[in-house]
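The values are calculated or read from the model by the stated rules, or taken from the named source; none is laboratory data. Since the structure is predicted, the reported quantities are computational estimates derived from the model, not experimental observations. Because the Cβ atoms are built from the backbone with ideal geometry, glycine has one as well, and the counts that use them run over all protein chains shown. Note: accessible area is taken over every heavy atom of the protein model, side chains too, but ligands, DNA and RNA are not part of it. Shrake-Rupley method; radii C 1.70, N 1.55, O 1.52, S 1.80 Å.
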Amino acid sequence: NMIYDDLESNTGRTNRPSIVKVSNFDTYSIFAIAYNINVEHMFPAVGIIKTVNVSNEGEIKFTGEMAYFDENIGHEPSIIHVSEDIFAITYCNEFNLGVLKTFRLFPNGDIEYTGSEFLFDDMECHEPSFIHVSEDIFAIAYRGPNDNGILKTIKIESNGTIFTIENILDFESSDCFYPNIWLHFRNYYIVSYSTGNPPYGAYS
């Protein structure tokens, strides 16, 4: 295994890394990890993407490629594959607003920002969970401004261009912490989440 100890990140705020496979070769695969780090013992701040080389024997090596998906605050990221070399990241910014950005992650681990950014919630967003639905439609489940559970769908084209929200659903009117969305069967999806008081280390 390998630990990326960039800076201290144990501050009581969520530093949830998200990982996705970028490419697959005969003897190794390339993965991308999106996460945030703590700056000078403050709260988690800079949002980072790094790519790693994982051999078929489990050996892990840093490719040397790193990029910022947010140079201020990028907490609770969720990264998924869109199409070919396009990947998307949802996260909460310094104002706790929901942000979606797309990047090109190349088979060798190189990283390139597409320049496409979309604010999917301009009030408040926490703990977004991201999933591909069909073709260019994606869904984000997250905790909203009243600790309620919100589900939104967004269109992302194959070149990384992001389009407006298609639909919005409040799937939980009361407390909804750490939602996680999964495909069940065909067009049925399951969202799991915590209710009641937020667990230790959570914030609102």
Checklist entry - Can you find even one residue in region 53-65 that is touching a residue at least 12 places away in the same chain (Cβ under 8 Å), open to solvent by less than 20 Å² (accessible area, probe 1.4 Å) and in contact with a strand residue (DSSP E or B) (Cβ under 8 Å, 6 or more places away or on another chain)? => result no
Checklist entry - Looking at this structure, is PHE171 hydrophobic (A, V, I, L, M, F, W, C), open to solvent by 20 Å² or more (accessible area, probe 1.4 Å), assigned to a loop (DSSP other than H, G, I, E, B) and free of Cβ contacts under 8 Å to residues at least 40 places away in the same chain? => result no
Checklist entry - Among the residues of region 178-186, is there at least one that is touching a strand residue (DSSP E or B) at 6+ places or on another chain (Cβ under 8 Å), open to solvent by 10 Å² or more (accessible area, probe 1.4 Å) and part of a loop (DSSP other than H, G, I, E, B)? => result no
Checklist outcome for this item: All-but-one check, ASN159 against (1) open to solvent by 70 Å² or more (accessible area, probe 1.4 Å); (2) assigned to a strand (DSSP E or B), failing number (2)
Checklist entry - Out of all the residues in region 89-97, is one or more among the aliphatic types (A, V, I, L, M) and at pLDDT below 95? => result no
Checklist outcome for this item: Residue hits (region 98-123; touching a Ser or Thr at 6+ places or on another chain (Cβ under 9 Å) and assigned to a loop (DSSP other than H, G, I, E, B)) are PHE106, PRO107, ASN108, GLY109, ASP110
Checklist outcome for this item: Within region 154-189, residues being farther than 14 Å from VAL82 by Cα and either polar (S, T, N, Q) or touching a Leu at 6+ places or on another chain (Cβ under 9 Å) (or both) number 13
Checklist entry - Which condition does ASN72 not pass, out of (1) open to solvent by 80 Å² or more (accessible area, probe 1.4 Å); (2) assigned to a strand (DSSP E or B); (3) free of Cβ contacts under 8 Å to residues at least 60 places away in the same chain, if it passes all the others? => result (2)
